[in-house]
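Trainee: Have a look at this one before I ask anything.
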Amino acid sequence: MTFVLWMIGLMVVTEILFASIMELKRYMSTKPRWAFTTVEVVTAPILILGLVCDALVNYLPATILCLQFPRWKEWLTTWRLHRYVNTVPIPTKGLPAWRFKLALWVCDTLLNPFQKNHCGEPADVMLGSWKILSKPV
């Protein structure tokens with residue numbers, strides 16, 4: 001039970017750090033270069049902590065939730081989600097549909113509100129009569 005609570009806490013902290021970093025990125029996009037350099041120096045620890053938390057989420061809770069270890073050099077959770085969202089979900093070959101749907105939900109609900117298309121555009125699939133669309137038209 002303690003392990004589960006630690007994993008949930010790690011995911012919440014990572015989400016808060018992600019939202020903070022994306023808001024800072026949006027804020028700094030309108031500032032002059034000297035201000036950007038100053039803020040970079042001050043906020044570098046937040047960015048480093050965010051990257052470490054993201055890597056920990058990728059190797060601990062995301063591995064358990066997706067029932068799959070990350071690929072070689074797939075350090076961040078976003079890279080894994082990007083692969084899931086942009087892979088054709090054919091249950092017999094490759095990615096099962098539930099991983100695609102899980103990644104799509106995480107991207108749409110938790111990441112895209114802070115940075116549009118953070119995980120990339122989802123693959124629209126037409127396999128006979130089975131159609132998975134990311135969003136209704």
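Trainee: Determine the equivalent ellipsoid of the stretch 1-68 by diagonalising the alpha-carbon gyration tensor, then write out the semi-axes as square roots of 5 times the eigenvalues, largest first, rounded to whole Å.
Mentor: Working through the eigenvalues yields semi-axes of 30, 10, 9 Å.
Trainee: Please report the net charge: other residues with Cβ closer than 11 Å to the Cβ of Val57, K and R +1, D and E -1.
Mentor: Computed value for this residue: -1.
Trainee: I need the phi-derived Karplus couplings for the stretch 40-47: 6.51 cos²θ - 1.76 cosθ + 1.60, θ = phi - 60°, integer Hz, Gly and Pro marked x.
Mentor: Computed from phi, the couplings for the stretch 40-47 are 4, 5, 6, 9, 4, x, 5, 5 Hz.
Bear in mind that the values in this text are calculations on the coordinates, not laboratory data. Everything numeric in this text was worked out from a predicted model, so none of it was measured. As a convention, Cβ positions derive from the backbone with ideal geometry for all residues, glycine included, and neighbour counts pool all protein chains shown.
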